[in-house]
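Read the figures in this text as sums done on the coordinates, not as results from a lab. From a predicted model like this one, the values you see are computed outputs, not experimental measurements. Note: ideal-geometry Cβ built from the backbone for every residue, glycine included; neighbour counts use all protein chains shown.
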Amino acid sequence: MTTNNMVKVYLYTRFERFWHWVQAVLIIMLLLTGLEIHGTYALFGFERAVELHNFFGLSWLTLFVFIVFWLFTTGEWKQYIPTTKKLFDVIHYYCIDIFKGKPHPIRKNPDAKHNPLQRMTYLGLAAALLPTQMIAGLLYYTYNSWSVWRISTYLNLETLATVHLVIAFLLLSFLIIHVYMTTTGHTITAHVAAMWSGWEEIEEGAEIEDWEKARVRS
Amino acid sequence: MKRLRFTGFFCWFFIPMLCIMFFCSSGICAPQEIEEIEELAPGRKMARQATKRRQLWITSDHSKHAILEQEFASGPEVTKACLDCHTEAAMQFHKTIHWTWLDPNAPEGAGIGKGGHSMNNFCININSNEPRCTSCHAGYGWKDNTFDFTDQSKVDCLVCHEQTGTYKKFPAGAGNPVSESKVFKGNGKTYDPPDWNAVAQSVARPTRRNCGTCHFFGGGGDGVKHGDMDSSLMKPNKSLDVHMGMDGQNFDCVRCHSTKLHNISGRIYSTPAVPHRKSLIEDDLIPKIMCESCHSATPHKAGEKPNDHTDKVACQSCHIPHFARVNPTKMWWDWSKAGKKKNGKPYMEKGPSGKPVYHTKKGEFRWAKFVVPEYQWFNGSIHTLTARDMIDPGKIVKVSWPVGDRTDENSRIFPFKVHRGKQPYDKVNKTLLIPHLFGKKGSGAYWGDYDWKKALAGGMKAARLPFSGEYDFVETSYVFPTTHMVARRDDSVKCQECHTRNGRLADLTGFYMPGRDHSELIDTAGWLLVLGSLAGVLIHGFGRAFFASRRKEKNNDNK
């Protein structure tokens, strides 16, 4: 068995790490308060749960605006361009090769932070699931203005609440898998440490193919 | 460089802002600050302003009127003296429900009201029982259906206006006080003739005691009928009623039940107290009978969620968490159990609350204290059955019910006391029956002869209604809107008492309510997904650990 030398690369910038962790806290708090509002359990008390949920929801919305702005101004949005190339290799890796101790088919690099499976997942989250959840949340929040805005005939609170809840379940499921996936690095905590410090240890000499690159350097 | 600036902006601006917002929104500020902010709840401020400078002046001292110093022998003589100056008073009063006991807004001859054919599930109806029931009539001598409702001298001014507290009508005297001392067997108390001059000279605007003399004792005893009105409101404290509390605003009943030409504001059967909810700012001539009159429709602090509820939830629903908070109120009255005797004699049995739980004359009772109301849609109108209405004895018969539904913009979710019981009905005609209850032995009255058939025949005959002779008992319900005993702000109903799976509003269907409603299917599917994810990653993780340790062993073996 050959062991490659590990080198450290600066993968996650400060703002990226900041929004990742704030978003993590917000999602957890929103799930915690949201499920209480849904009636699953009693923790903060309904009134406090609603207040907190509104606060965290609006905070997230504000943060999300900055995230999207950052993604576009830095060109980092290209990291999320979906691809099917090597997608099945990645799936094959997580289903079979990972148990055999084989290396990951995709190496991390500042120009290609995400493997094809991550790209799909994160794009789906950032472009579809999260905006839908935020719009549903905002509409829920403004329920009492529906009649003034003349939209009450097109909307139904029960349907809206159901959409909001279904996405919440999907996010909770994502959270569980996402947290688990952080343990699949070369050590259990390697990925978490990288997301905290910004520096990820990768194997030396990993080749990045052109199609993977987010930034085209001049 | 650029990146650093952007990040710097976030670290130094966004995070502190987030923290400030969090602390402010979650109320982790100094308690003093909170107190100051909450004082500003606009509805409270407005109501305080409206009631702050109350000055009533009177230009007449009734103890100096010569006409009230003459010798009086009866109520009507006093009334004639009153009318000598207050020439229009009796004519005004004759038009009000306090005199007619009929809904003035109902069509002529409809008989809506306790003076007509309207029913309840207490003593059921006054026909044939007048002398007992009309001890609460603001008049003298309504002893049967020959009473002359046009006689001005029969108006009882004193019961509402005298302030000595000594004026008592005899409980079975058709509204008359006694002319010589007499014991009432029903309660064992001695009733003395009033000191007519003293009571006549004491008159003033009605106080809580004047109204309470009848309204706190409706149904023949303290707290029998209303759950939110009983003798505890004679001298209440603020925690029993924030408006009437003697340690607070000390309101009399007429402070809110504002009165015009002897018409006291309030709901009358199916006629709501007011046609529209308005505040005094919108119309300063409206009666002050609604909460909105003084507190406005959005009384809470701007941006507070309760303001979003006022279009569908009545103030009372949250601000009266329980009724009968001091004295017990009657919740159940089963007439079918009446008539049992001990050693051939009628008897009465008291329960743990000190209130009767059995009475040979009346049947079985249940009482309750600190009762959580039942909630129903209500637009201010209550429909009450008459003895002429057909009923379905196969179901629990609603003798009265609140009118309203969710789509009606005047309707709100409103708290009610629901009094249940069993009462007689006609098996052939399918109507509720009026029993002749009050009367001596041999009169055919139930309380004299304990014979239902005779009593029902007598009652229906007096009401000029048919009776087939076939009767049975049916379970019934009767509603009282809960609007008094408004609790202190801190005691109001908490959000999670309704926004929960089986809360106060569990029975109100037809609309989605967060915390209460959920789809079993979505919830199950959602949790299966979550548990599936958890199981998946656990299996995957164990698999990795297992194969890793096997590889390690293999490597060791190879070495």
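Straight-line reach from B:LYS350: which aspartates and glutamates have Cα under 17 Å away, leaving out those fewer than 8 places along the same chain?
B:ASP222, B:ASP334, B:GLU364
Roughly how many whole Å is it from the C-alpha centroid of region A:48-73 to that of region B:274-340?
Centre-to-centre distance over Cα atoms comes out at 39 Å.
I'd like to compare B:107-118, B:537-548, A:122-133: which one has the highest average count of other Cβ atoms within 10 Å, and what's the full order after that? Can you show the working numbers first?
Values: B:107-118: 18.0, B:537-548: 13.3, A:122-133: 16.0.
Order by mean packing, descending: B:107-118, A:122-133, B:537-548.
Which trypsin sites (Lys or Arg not before Pro) in region B:167-235 pass both tests, a DSSP loop state and at most 14 other beta-carbon atoms within 10 Å?
Details: sites: B:LYS168, B:LYS169, B:LYS182, B:LYS185, B:LYS189, B:ARG208, B:ARG209, B:LYS225; in loops: B:LYS168, B:LYS169, B:LYS185, B:LYS225.
Counting only loop positions with at most 14 other Cβ atoms within 10 Å, the trypsin sites (Lys or Arg not before Pro) in region B:167-235 are B:LYS185.
What FRET efficiency do you get for B:THR51 and B:LEU508 if R0 is 35 Å and r is their Cβ-Cβ distance, rounded to the nearest 0.05? Write out the running numbers ahead of the final one.
Details: r = 33 Å, r/R0 = 0.96.
For B:THR51 and B:LEU508, the calculated efficiency is 0.55.
Using only the C-alpha atoms of chain B, find the volume of their convex hull and express it per residue in Å³.
Working: hull volume 146.1 nm³, N = 559.
Hull volume over Cα atoms, normalised by residue count, gives 261 Å³.
Taking R0 as 22 Å, what's the FRET efficiency between B:GLN152 and B:ASP61 from their Cβ-Cβ distance, rounded to 0.05? Intermediate values should be presented prior to the final figure.
Details: r = 25 Å, r/R0 = 1.12.
E between B:GLN152 and B:ASP61, to the nearest 0.05, is 0.35.
Given Cα pairs under 8 Å that are at least 6 residues apart, what percent is the relative contact order of region A:19-186?
Values: 98 pairs, mean separation 28.5, N = 168.
The normalised contact order for region A:19-186 reaches 17 percent.
Within chain A, how many Lys pairs sit with Cα atoms under 21 Å apart, leaving out pairs fewer than 8 places apart on the same chain?
Summing the qualifying lysine pairs gives 21.
Excluding residues fewer than 8 places away in the same chain, name every one of the aspartates and glutamates whose C-alpha is closer than 14 Å to that of B:LYS143.
Partners found: B:GLU130.
Only four residue types carry charge here, +1 at the Cβ of Lys and Arg and -1 at the Cβ of Asp and Glu. Report the dipole size of region A:19-186 about the Cα centre in Debye, rounded to the nearest 20. Walk me through the intermediate numbers first.
Values: 11 positive and 8 negative charges, 147 e Å.
Dipole size: approximately 700 debye.
Mind listing which GluC sites (Glu not before Pro) in region B:431-511 are in a DSSP loop and have 13 or fewer other Cβ atoms within 10 Å? Don't jump to the answer; show the numbers that get you there.
Values: sites: B:GLU470, B:GLU475, B:GLU497; in loops: B:GLU470.
Here the GluC sites (Glu not before Pro) that fit, given the DSSP loop and packing criteria, are B:GLU470.
Quick check on region B:368-407: take the gyration tensor over C-alpha atoms, sort the square-rooted eigenvalues as a ≥ b ≥ c, and tell me if it's rounded (a/c under 1.5), prolate or oblate. Working shown, then result.
Working: a/c = 2.12, a/b = 1.31, b/c = 1.62.
Because a/c hits 1.5 or more and a/b fails to exceed b/c, region B:368-407 counts as oblate.
Treating the beta-carbon of each Lys and Arg as +1 and of each Asp and Glu as -1, no other charges, what is the dipole magnitude of chain B about its Cα centre, to the nearest 20 debye? List each step's numbers first, then the result.
Numbers: 77 positive and 59 negative charges, 420 e Å.
About 2020 debye.
State which stretch of chain A is the longest one without any exposed trypsin sites (Lys or Arg not before Pro), exposure meaning a DSSP loop state and at most 14 other Cβ atoms within 10 Å.
Numbers: sites that count: A:LYS85, A:ARG150, A:ARG215, A:ARG217.
Longest site-free region, per DSSP loop and neighbour criteria: A:1-84.
Using Cα-only point scatterers and the Debye equation, what is log10 of I(q)/I(0) for region B:329-497 at each q in 0.16 Å⁻¹, rounded to two decimals?
-1.04
Loop only per DSSP, at most 11 neighbouring Cβ atoms within 10 Å: give me the trypsin sites (Lys or Arg not before Pro) in region B:406-442, ordered by residue number. Don't skip to the answer; put the middle values down first.
Numbers: sites: B:ARG406, B:ARG412, B:LYS417, B:ARG420, B:LYS422, B:LYS427, B:LYS430, B:LYS440, B:LYS441; in loops: B:ARG406, B:LYS427, B:LYS430, B:LYS440, B:LYS441.
Passing sites in region B:406-442 are B:LYS440, B:LYS441.
Go ahead and set up a Gaussian network model of chain A, Cα springs under 10 Å, then flag whichever of A:ILE67, A:ILE96, A:ILE202 fluctuates most.
Between A:ILE67, A:ILE96, A:ILE202, it is A:ILE96 that shows the largest mean-square fluctuation.
Helix-only estimate, please: 222 nm mean residue ellipticity of chain A, summing -39500 (n - 2.57) across DSSP H runs of length 4 or more and dividing by its residues, to the nearest 500.
Details: 7 runs with 113 residues, N = 218.
Computed mean residue ellipticity for chain A: -17000 deg cm²/dmol.
Taking only the C-alpha atoms, wrap a convex hull around region B:409-553 and report its volume per residue in Å³ as a whole number.
Numbers: hull volume 43.6 nm³, N = 145.
Once divided by residue count, the hull of region B:409-553 is 301 Å³.
Explain nothing, just the number: relative contact order of chain B, from Cα pairs under 8 Å at least 6 residues apart, as a whole percent. Let's see the in-between values first.
Values: 998 pairs, mean separation 70.3, N = 559.
Taking the mean separation of contacting Cα pairs over the length of chain B, I get 13 percent.
Under 15 Å Cα to Cα from B:LYS427, which aspartates and glutamates show up? Leave out anything in the same chain fewer than 8 places away.
Once the sequence-local aspartates and glutamates are set aside, what remains near B:LYS427 is B:ASP389, B:ASP392, B:GLU470, B:ASP472, B:GLU475.
Quick one: divide the alpha-carbon radius of gyration of region B:145-284 by 2.2 N^0.38 Å and tell me what you get.
Numbers: Rg = 17.3 Å, N = 140, 2.2 N^0.38 = 14.4 Å.
Normalised Cα radius of gyration, region B:145-284: 1.20.
Under 1.5 on a/c is rounded, so check that first for the protein assembly as shown, then, if it is not, pick prolate when a/b is larger than b/c and oblate when it is not; a ≥ b ≥ c are the square roots of the alpha carbon gyration tensor eigenvalues. If you can, show how the numbers build up before the last one.
On the way: a/c = 3.64, a/b = 2.48, b/c = 1.47.
In terms of gyration-tensor shape, prolate.
What residue among B:GLY404, B:SER293, B:PRO514 has its Cα farthest toward the positive end of the dipole of chain B, where the charges are +1 on Lys, Arg and -1 on Asp, Glu, each on the Cβ?
The listed residue farthest towards the positive side: B:PRO514.
Find the Cα radius of gyration of region A:1-125, compare it with 2.2 N^0.38 Å by division, and give the number to two decimals.
Details: Rg = 19.0 Å, N = 125, 2.2 N^0.38 = 13.8 Å.
Compactness ratio reported: 1.38.
Apply the a/c threshold of 1.5 to the C-alpha gyration tensor of region B:65-220 and tell me whether it is rounded, prolate or oblate.
Details: a/c = 1.85, a/b = 1.26, b/c = 1.48.
In terms of gyration-tensor shape, oblate.
Rank A:PHE169, A:THR121, A:GLY75 by how far each Cα sits towards the positive end of the charge dipole of chain A (+1 on Lys, Arg Cβ; -1 on Asp, Glu Cβ) and give me just the farthest.
A:GLY75
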